[in-house]
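Just so it is clear, none of the values below were taken in a lab; they were calculated from the coordinates. All of these numbers come straight from a predicted model, not from anything done at the bench. With ideal geometry, Cβ positions are generated from the backbone for all residues, glycine too; neighbour counts draw on all protein chains shown.
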Amino acid sequence: MNLLTLSFAYLRAQAPNAALNVVLLAFGVATIALLLLFSAQLEDRLTRDAQGIDLVIGAKGSPLQLILSSVYHVDAPTGSVPLGEVERWAADPRVEAVIPIALGDTVDGFRIVGTTPAYVDHYRQELAEGRLWASPQEAVLGAEAARRLGLRLDDMFIARHGLGGGGAGHTGSPYRVVGLLAPGGTVLDRLALTGLESVWTTHGIEPPPAANDPDALKDATATAPQGGGDGPEVNAFLVRYAAPGAEAELPREVNLETRLQAAAPAAELDRLLLLVGTGIDALRVLGALLIAAAVLSVFVALWSGLKERRYDMAVMRTLGARRRTLMVQIVLEGLILASLGLLLGLAIGHGLAEVAPELVPALRPLGLTGRMMAPGEGALIALVLAVGVLAALLPALQAYRTDIAALLGSRG
Amino acid sequence: MDQDIEAVDRPAAELAVVGPDAAIGAAGRVPVLTFAGLEHRFGTRPILRIDFFEVPAGEHGVLMGPSGTGKTTLLHLIAGLLRPSEGRIAIEGRWLDTMRRGELDRFRGRMVGIVLQRLHLLPALTVLGNLRLARWLAGLPADPAAIRHLLDALGIRHLARARPAELSQGEAQRVAIARALVNRPRLILADEPTSALDDRNAALVIELLMGQAAASDATLIVATHDARIVDRFGHRLLLGRRP
């Protein structure tokens, strides 16, 4: 016998009521935990995918769309960029490296990205098996894409035209899997990578010589044909600055002097998170309301329970209980309810985060997982425990003040 | 009257020596219960006035009087649940007013066992749980063997896992008695233990209480208006409407 078993005995004695309070609290906690996990992982994911990319240059249009399509691979590209432009900017001394991105096809919803091996190097992704692409129609799959497609080394697959997934199959030019990337927690996990010329040949465009050689890109300005018309094109290219200071001139130069646009992922990311953040804040208010309702319910349960238990409290005093003991018992019951609600809520929240990508395909690109603690969850735990104590405090004070002699029949 | 003054005016130093431990050792000398110049009022309304009364160790006492004469209040005063307006109460030579609040709670838990008129078993706990709680609240070790022995002695061992709601009135009363005895108190207080019972059961309950008190060498104090049982007590205190 101790305070804990005593408190549990009383909670068991009113199990339906206690269960209701726990579930109510759990819903609030689950909502907020899910939101915390979602926003933390979204931000983390988006930041990681944009890491080290100073600028994205592509066709004019929405800068956010340009970033979404070429960095995060979730939107349609804004248009196309002649290869000559890529080479021109690659040759600029303020530019350290460029990574071309050519889109257009998918395999079962996963994008096929024509690029250079520099793209893989940029994210420091390792090959789990095989090698990088060397000739046309060779592809390297990201870990998640390979898993979901069920493709292994040397398997063949047929690309579908268009990013929506409903396009016609390019049956004439199937791809062969030559390499599989190890999971890296970046956008590459969900891509199929290939050389630029694969994308071009699939779409009937004659590739320029040596376009797939990453070194060639930097000093190919003289040899490659200047862009325009039906020449080789990409959809965008990612730029890393050679020296600080470039961010002041380069984007302006691109935007004013060419038919292209330059967008900085960092700036667009901030805008994006601001937009997402507003929605998350609204949901957070909802979660807070749920918790508030639960706390009120815990308070009402303890308060009305106290009326029925006045005699029990008085009897405990006759058995030698101190006032403090009764008070602690009530607070402990509030704390137990809060803890159970917390545990259940965190389990539900993290469980939902873990299965959400399976249930909602649109969430898959986020790579949401419940197997981590989001920053802010510690504060959530502390907050819920604190309000659990708070809800119990008034009933506990009432228990402390109970006039036992009057309750037990001394006539006043 | 001499006795009265002596009790009230006993120097504090001497009283301090007669702690609960000392009192048990000198059970023959120190009275188990002493009232001295006791008065209690609710607001300005006087309830009780007892100049002097004491119950020697090893004997039992009864507080008699019709309803509304303050019997229950007096029991609460003895248990230290109420502080008297005037005068003092000592249990085994320890004056209750010399104890701090927490100390008094602990003292009550260990020295006094109370059988309330309406029993008031805790419904959330089993019979066993009720007894364990009493030991724990008094800060005593669990002692399951003693609890089993007590349940046997009262013939309610088979009810150990039952909840109070499942008990008959008679069974509940036995459990309440067991709970009052489980800490081996020096003083057992019972509030109207027989008033709701027929003659046969009233006699049984008094036998039970006296037998258990004797078994644990404790003093039984019963508050009652039940004329059937008062003869059983050597020390009687009659409470009236106008003390």
Ranking of A:R317, A:R152 by count of other Cβ atoms within 10 Å, fewest first: A:R152, A:R317
Indicate, rounded to the nearest 5 percent, the antiparallel portion of the DSSP beta bridges found entirely in region A:132-194. 60 percent
Using the Cα centre as the reference, give the magnitude of the dipole from point charges on the C-beta atoms of region B:68-207 (Lys, Arg: +1; Asp, Glu: -1; all else neutral), rounded to the nearest 20 debye. 540 debye
Work out the mean other chain Cβ neighbour count within 10 Å for the residues of B:66-74 and drop it here as an integer. 2
Using the beta-carbon distance between A:D155 and A:M373 and R0 = 41 Å, what value does 1/(1 + (r/R0)^6) give for FRET efficiency, to the nearest 0.05? 0.60
Using Cα pairs under 8 angstrom and six or more residues apart, how large is the relative contact order of chain A, in percent? 28 percent
For B:H235, net neighbour charge (Lys/Arg +1, Asp/Glu -1) across residues whose Cβ lies under 12 Å away: 0
How high is the relative contact order of region A:1-93, in percent, with contacts defined as C-alpha pairs under 8 Å that are six or more residues apart? 15 percent
In region B:189-243, the trypsin sites (Lys or Arg not before Pro) that sit in a DSSP loop and have at most 16 other Cβ atoms within 10 Å of their own Cβ are B:R228, B:R241
Here the net charge surrounding B:S85, from other residues whose Cβ is less than 13 Å away from its Cβ (Lys, Arg +1; Asp, Glu -1), is +2
How many Cβ atoms of partner chains, on average, are near each residue of B:123-131 if near means within 10 Å of its Cβ? 4
If you project the alpha carbons of region B:173-243 onto their three principal axes, what span does each projection cover, largest first, in Å? 37, 27, 18
Residue farthest toward the positive end of the dipole of the protein assembly as shown, with Cβ of Lys/Arg at +1 and Asp/Glu at -1: which of A:H350, B:M210, A:Q398? B:M210
Would you please give the FRET efficiency between A:E354 and A:S62, computed as 1/(1 + (r/R0)^6) with r the Cβ-Cβ distance and R0 = 45 Å, to the nearest 0.05? 0.85
Where only alpha carbons of the protein assembly as shown are counted, the Rg and the Dmax (Å): 42.1, 129
List B:I221, B:I206, B:I229 from most exposed to least, where exposure is judged by having the fewest other Cβ atoms within 10 Å. B:I229, B:I206, B:I221
Taking 0.36 nm per residue of sequence separation and subtracting the Cα-Cα distance, how much length would be gained by fully extending the chain between A:A267 and A:V285, in nm to one decimal? 3.8 nm
Taking the Cβ of each residue in A:T78, B:T72, A:T318 as the centre, tally the other Cβ atoms inside 10 Å and list the residues starting with the fewest. B:T72, A:T78, A:T318
As an exercise, use a Förster radius of 22 Å and the Cβ-Cβ distance of B:A203 and B:H225 to find the FRET efficiency, rounded to the nearest 0.05. 0.85
For a quick check, take a GNM of chain A with Cα springs below 10 Å and name the residue from A:G150, A:G320, A:G28 with the largest mean-square fluctuation. A:G320
Backbone N under 12 Å from the B:A162 label point (7 Å along Cα→Cβ), restricted to region B:110-135: B:127-128
Equivalent ellipsoid semi-axes for region A:236-309, as square roots of 5 times the alpha carbon gyration tensor eigenvalues: give them largest first, rounded to whole Å. 57, 11, 7
Let me have the relative contact order for chain B, percent, based on Cα pairs under 8 Å that are six or more residues apart. 26 percent
Residues other than A:L272 with Cβ under 13 Å of its Cβ, Lys/Arg counted +1 and Asp/Glu -1, net out at -3
From the C-alpha gyration tensor of region A:10-94, square roots of 5λ in Å: 52, 13, 7
A:D75 versus B:E39, label points 7 Å from Cα toward the beta carbon: distance in nm? 9.0 nm
Out of A:W200, A:L11, A:L68, whose Cα points farthest toward the positive end of the dipole of chain A (charges: +1 Lys, Arg; -1 Asp, Glu; placed on Cβ)? A:L11
For n ≥ 4 DSSP H runs only, could you compute -39500 (n - 2.57) per run for chain A, divide by its residues and tell me the 222 nm figure to the nearest 500? -17500 deg cm²/dmol
